[in-house]
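Below is one structure, written out as structure tokens; the observations come after it.
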Amino acid sequence: MIRWPLCCATMVCHSAMAQDNERLMTKTQDCAVVPLLSVRQQQALARDGFLLLTGAIPPETLPALQALFDRSVLPAEQWPVPRGHDWRHALLDLEPAIQTLCRLPLLLAAAGALIGERFFLAQVEGREPLGGGGHQLLHRDFCGQRPGDTAQVLVFLDDYGPANGATRLVPASHRPASAADASTATLGSGAGGSTPVPDEAEAAAIQLSGKAGDALIFDADLLHAASRNHSGARRRTLLLSYQSEALYAQHLQTAALRQVRMDCRERFEPVVS
């Protein structure tokens with residue numbers, strides 16, 4: 001069992017089955033300060049389309065999370081839709097420790113700041129590029145119905161950088177700046193990168209480096225990609241997806257194909273600092 005610090009039990013939630021007139025409840029266990037985003041962080045997230053939260057995951061929980069990832073790896077051919085053979089994929093959405101992690105106050109605050117309305121946890125799975133593999137072309141995961149209605153979070157369980165294929169992204173690429181940009185907004189659709197991205201987009205990309213326990217939150221429309229794991233060093237990550245409540249029916253239509261088994265009916269409210 002992973003023992004989370006007491007302050008990590010703090011969260012703001014609203015049950016989907018609750019009465020409409022029920023007051024929003026804030027549950028706190030022995031924690032005086034709820035770690036929310038600063039105004040500067042919120043502004044950076046809106047402007048750049050991403051925010052790197054260093055040390056977001058309590059370091060004492062990382063060894064157990066790493067072990068849980070390794071126990072939960074499912075061969076590529078056993079997923080409803082086969083996965084790439086140069087990646088490891090972990091099926092762990094029913095694990096209590098993972099569900100707790102997805103509700104860490106800082107992650108919920110970041111997702112709420114990006115989405116801006118009531119939202120839900122739509123998916124969580126583990127991903128790791130194998131040595132020599134993992135390269136992707138820049139792509140967008142795409143929001144569902146409006147800009148900003150889907151927030152993606154990558155939780156890094158190992159140190160990451162250029163050597164082991166860390167994420168690269170294009171700052172501020174989540175919102176077309178002009179009609180011409182909007183006409184190319186679908187470039188790079190899909191992690192396979194079936195549509196080429198303009199050279200200037202790749203030239204504008206930056207590659208992240210950091211430590212195990214960091215978390216990257218980004219708008220689903222942001223151009224991003226994994227890179228090749230040249231060194232073969234471990235780079236386990238958890239990919240979390242939060243979506244606006246308006247996307248729930250759409251989410252249910254594809255949940256089985258994405259091997260989503262968890263109950264996604266809980267609702268979260270964005271917290272205004």
Could you please give the count of residues in the range 196-209 that are crowded, with 18+ Cβ neighbours inside 10 Å and either touching a Phe, Trp or Tyr at 6+ places or on another chain (Cβ under 9 Å) or modelled with pLDDT under 95 (or both)? 2
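Filter the range 208-236 for residues that are in a strand (DSSP E or B) and touching a Pro at 6+ places or on another chain (Cβ under 9 Å); which is farthest from H135 (Cα to Cα)?
Filtering the range 208-236 for residues that are in a strand (DSSP E or B) and touching a Pro at 6+ places or on another chain (Cβ under 9 Å), the one farthest from H135 (Cα to Cα) comes out as D219.
Can you tell me which residues in the range 108-148 are assigned to a strand (DSSP E or B), at pLDDT below 95 and under 14 Å from the mean Cα position of the chain (by Cα)? Outline the logic, then answer.
First pass over the range 108-148, keeping only residues assigned to a strand (DSSP E or B): 119-129, 139-140.
Filter once more, so that each one left must be at pLDDT below 95: 139-140.
Result: R140, single match.
I'd like the residue in the range 238-254 that is in contact (Cβ under 8 Å) with a residue 60 or more places away in the chain and more than 16 Å from D149 (Cα to Cα) and, out of all such residues, is surrounded by the fewest Cβ atoms within 10 Å (Cβ to Cβ). Break it down stepwise before answering.
Going through the range 238-254, the residues in contact (Cβ under 8 Å) with a residue 60 or more places away in the chain turn out to be 238-248, 250-251.
Okay, now just the ones that are also more than 16 Å from D149 (Cα to Cα), so 238-239.
Values: L238: 24, L239: 16.
The residue in question is L239.
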Residue under evaluation G232, criteria (1) under 27 Å from P82 (Cβ atoms); (2) among the small types (G, A, S); (3) touching a Phe, Trp or Tyr at 6+ places or on another chain (Cβ under 7 Å), criterion not met: (3)
Taking the range 49-98 and the residues there that are at pLDDT below 95 and not in a loop (DSSP other than H, G, I, E, B), the one that is surrounded by the most Cβ atoms within 10 Å (Cβ to Cβ) would be A76
Restricting to the range 235-263, and then to whatever is small (G, A, S) and farther than 26 Å from P63 by Cα, can you tell me which residue is nearest to the chain's Cα centre (by Cα)? S244
Is the range 162-169 home to any residue that is over 15 Å from the mean Cα position of the chain (by Cα), buried (at least 17 other Cβ atoms within 10 Å of the Cβ) and modelled with pLDDT of 95 or more? yes
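Of a type in the set (A, V, I, L, M), under 20 Å from E128 (Cβ atoms), assigned to a helix (DSSP H, G or I) and at pLDDT 80 or above, is that true of L45? Step through it out loud before you land on a result.
Values: of a type in the set (A, V, I, L, M): yes; under 20 Å from E128 (Cβ atoms): no; assigned to a helix (DSSP H, G or I): yes; at pLDDT 80 or above: yes.
Answer is no for this residue.
The values are calculated or read from the model by the stated rules, or taken from the named source; none is laboratory data. Because the structure is a prediction, the values reported are computed rather than measured. Virtual Cβ from ideal backbone geometry, glycine too; neighbours counted across all protein chains shown.
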